[in-house]
1. For B:Ala141, indicate whether it is part of a helix (DSSP H, G or I) and in contact with a strand residue (DSSP E or B) (Cβ under 6 Å, 6 or more places away or on another chain).
2. Would you mind finding the one in A:Leu195, A:Leu157 that is closer than 25 Å to A:Gly102 by Cα and at pLDDT 90 or above?
3. Does the stretch B:146-153 include one or more residues that are of a type in the set (Ser, Thr, Tyr) and either part of a helix (DSSP H, G or I) or under 20 Å from A:Val87 (Cα atoms) (or both)?
4. State all residues of the stretch B:168-212 that are within 11 Å of chain A (Cβ to nearest Cβ), β-branched (Val, Ile, Thr) and out of contact with any Ser or Thr (no Cβ under 6 Å at 6 or more places or on another chain); if no residue qualifies, say none.
5. Considering only the stretch A:52-111, give the helices (runs of 4 or more DSSP H) lying wholly within it that have at least 1 residues that are within 8 Å of chain B (Cβ to nearest Cβ), at pLDDT 85 or above and under 28 Å from B:Arg152 (Cβ atoms).
6. Please work out which one of (1) of a type outside the set (A, V, I, L, M, F, W, C); (2) in a helix (DSSP H, G or I); (3) closer than 30 Å to B:Ala130 by Cβ is the condition A:Tyr178 fails and give its number.
7. Which condition does A:Pro176 not pass, out of (1) touching a residue at least 60 places away in the same chain (Cβ under 8 Å); (2) more than 26 Å from A:Ser206 (Cβ to Cβ), if it passes all the others?
8. Looking at the structure I just gave you, is A:Ser184 assigned to a helix (DSSP H, G or I), at pLDDT 75 or above and within 10 Å of another protein chain (Cβ to nearest Cβ)?
Amino acid sequence: MHIPDGYLSPATCATLYAGCIPFWRMALGRVKKVMHSRQVPLLSLFAAFSFVIMMFNLPLPGGTTGHATGIGLATVVLGPWAAMLAVSVALVVQALFFGDGGVTAIGANCFNMAIAGSLVAYAVYRLLTGRSALASARRVVAAGLAGYVAINVSALLAAVEFGIQPLLYKDAAGAPLYCPYPLSIAIPAMMIGHLTIAGLAELAVSAGVVAFLQRSDLSLLRSTAGKVAEAAQTLPVGAARPLRALWAGLAALMVLTPLGILAAGSAWGEWMASDYANPAARGQIAAASFNHVAPQSAPLGLQRLSSVWTAPFARYAPPYIRGAAFGYLLSAMFGAGLIVLACLMLGRFTRSAARAGPEAP
Amino acid sequence: MSGVHPHKRRGLIENTLEGLHAAMERALYAEVSASRGGLLQRLDPRVKVAGLFSLVLAVALATKLWLIAAVLALAVVLACVSAIPLRVLASRAWIAALLFSGIIAAPALFLTPGTSLYGLPITMQGARTAGFLVLRAETAATLMLVLIYTTRWTHVLKALRIFRVPVVVVVILGMTCRYILLMLETAHEMFESRKSRTVNAMTPAEQRRLAVAGSGVLLGKTLHLSGEVYLAMQARGFRGEVFLLEDFQMGKLDWLALGAFAVLASASIWAGR
């Protein structure tokens with residue numbers, strides 16, 4: 001992930017340096033406005049922390065190991081702008097003093113990991129956490145996924161930067177001057193490792209440390225949680241969460257269900273036994289199956305099992321409802337109602353089990 | 001801890017301790033090496049930063065392999081006259097760069113389209129592109145190692161001001177360098193104390209839990225320390241403005257070296273077109 005010297009052309013490096021400058025300026029401005037001088041030691045120490053945790057190699061499935069970069073964690077704790085600066089500082093120190101990443105590629109590495117990584121991690125984290133409480137499991141999952149997506153977006157950007165080099169820079173003999181691999185090789189080569197090993201390490205560390213902070217010092221998660229989480233935090237345990245938007249979305253989806261009638265034919269493989277005898281349905285089956293003609297009659301097993309259970313809302317069209325649209329709507333209401341009821345019962349059961357508490361040994 | 005065989009391969013604790021130890025050793029060696037009496041150690045840090053960075057740029061721009069090799073030879077000569085042993089260059093720059101770039105460059109020998117080289121399944125263009133990749137990485141790594149082994153880290157950072165890097169950024173970088181050593185030591189102590197209490201090999205799940213808990217504890221310590229450092233800064237009168245003492249003085253030797261670097265870098269860029 002840390003691009004060394006010699007892999008990117010000076011023009012690409014200069015472009016990415018230039019791309020970093022407005023973000024760095026904006027981040028410095030925002031950080032000064034929000035946290036004033038307190039941010040100076042915080043950024044330094046967080047950069048040092050990011051540097052050190054890169055040395056913690058995690059054993060991963062398959063017998064391999066990987067390490068996290070701390071992008072997701074820095075973003076969750078510091079916010080995207082401060083994280084951008086902290087990770088950039090860590091990358092500069094690594095390139096200058098530890099030979100990890102090239103000095104000409106500092107701009108590229110900062111753009112990919114510190115800037116794009118932090119912004120993506122923040123977007124994913126805020127999107128997934130919503131109004132959840134600071135101590136909720138949802139924040140753990142969100143932090144893990146934020147780190148996972150961020151490192152993969154960073155890797156994709158690096159792969160694209162690698163992949164465009166042979167298109168742009170060749171010597172007189174046709175030999176690529178910088179990274180020799182085109183996009184068709186660079187992208188899969190980078191992404192396979194990051195979607196599996198590096199991404200999993202980032203996911204494990206981001207999620208694990210957020211879970212650790214939930215138990216040890218919840219206040220560290222507050223800066224990126226916004227006022228919403230504060231409100232959620234004050235709700236008593238078991239109180240209804242503000243789910244109005246979710247209920248409205250569910251209602252809108254139910255109202256829109258009759259649109260399903262507009263779709264022609266049936267889903268592949270969801271044919272009924274009677275469809276095999278219907279010429280129009282047989283035509284649809286053949287068209288959807290690369291012109292393989294369906295058998296003249298339904299397979300015996302299908303015939304036998306299809307009559308075992310007759311659903312009350314078969315094909316979302318109850319026989320006692322004349323209007324197809326109304327039948328669709330009624331099916332949606334009935335199905336959604338059943339799911340909500342099951343969830344409520346499960347929630348009540350879980351809460352009563354928790355109240356009873358574990359038995360004494 | 002678990003039923004895993006105790007003499008199985010090294011685990012997380014050993015690997016992490018080794019990595020932390022290597023980083024600390026590298027940092028301390030740089031400090032010792034920077035205080036030796038070599039040629040580059042006597043130069044103004046701004047001259048070294050400007051001169052060696054311009055050579056890295058010349059290498060990046062070069063389209064001729066012989067020129068990159070010549071700059072690598074120059075970097076080796078500079079290391080020799082600056083009391084940096086060749087074995088240090090080999091172990092800390094060349095082998096690492098060769099392993100990393102070699103693995104990436106090797107498939108290019110076969111995959112790059114072009115004319116076959118001596119009837120082998122590799123192409124001339126592939127060999128050239130692999131050569132560019134490996135030589136550039138080796139040369140840049142050598143030049144940077146020469147810089148950090150002949151200049152105190154704090155001086156390297158102060159010298160970045162010649163590139164108009166804002167003072168606040170230089171101060172943050174300086175503090176980061178200082179606290180990296182402290183963090184490395186803290187992490188080293190954490191893992192060593194755990195190692196002294198571990199009597200059997202740990203399972204991968206236990207190792208993951210240890211790494212995550214270690215990261216969490218280190219994060220907590222980081223933020224706690226940040227608060228303490230800030231209070232100490234305030235106690236010393238820090239009110240948000242940062243200053244940097246510009247105590248570098250250019251002597252005759254520095255001007256001479258600056259001229260030499262300017263000529264060498266310009267000639268390399270011109271010849272490497």
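1. Details: part of a helix (DSSP H, G or I): yes; in contact with a strand residue (DSSP E or B) (Cβ under 6 Å, 6 or more places away or on another chain): no.
Spelling it out, it is not the case that B:Ala141 is part of a helix (DSSP H, G or I) and in contact with a strand residue (DSSP E or B) (Cβ under 6 Å, 6 or more places away or on another chain).
2. Numbers: A:Leu195 fails: at pLDDT 90 or above.
Answer to the check: A:Leu157.
3. Step one: of the stretch B:146-153, the residues of a type in the set (Ser, Thr, Tyr) are B:149-151.
Checking which are either part of a helix (DSSP H, G or I) or under 20 Å from A:Val87 (Cα atoms) (or both) leaves us with none.
No - not one qualifying residue is present in the stretch B:146-153.
4. Narrowing the stretch B:168-212 to residues within 11 Å of chain A (Cβ to nearest Cβ): B:168-188, B:190-191, B:202-212.
From the residues that got through so far, the ones that are β-branched (Val, Ile, Thr) too are B:168-172, B:176, B:180, B:186, B:203, B:212.
Hits for the stretch B:168-212 are B:Val168, B:Val169, B:Val170, B:Val171, B:Ile180, B:Thr186, B:Val212.
5. On the way: elements: A:71-78, A:80-97, A:106-109.
In the stretch A:52-111, the matching helices (runs of 4 or more DSSP H) lie at A:80-97.
6. (2)
7. Failed condition: (1).
8. Details: assigned to a helix (DSSP H, G or I): yes; at pLDDT 75 or above: yes; within 10 Å of another protein chain (Cβ to nearest Cβ): no.
So A:Ser184 does not fit the description; no.
The values are calculated or read from the model by the stated rules, or taken from the named source; none is laboratory data. As the structure is a prediction and not an experimental result, all values here were calculated from the model. Every residue, glycine as well, gets a Cβ built from its backbone with ideal geometry; the counts of neighbours run over all protein chains shown.
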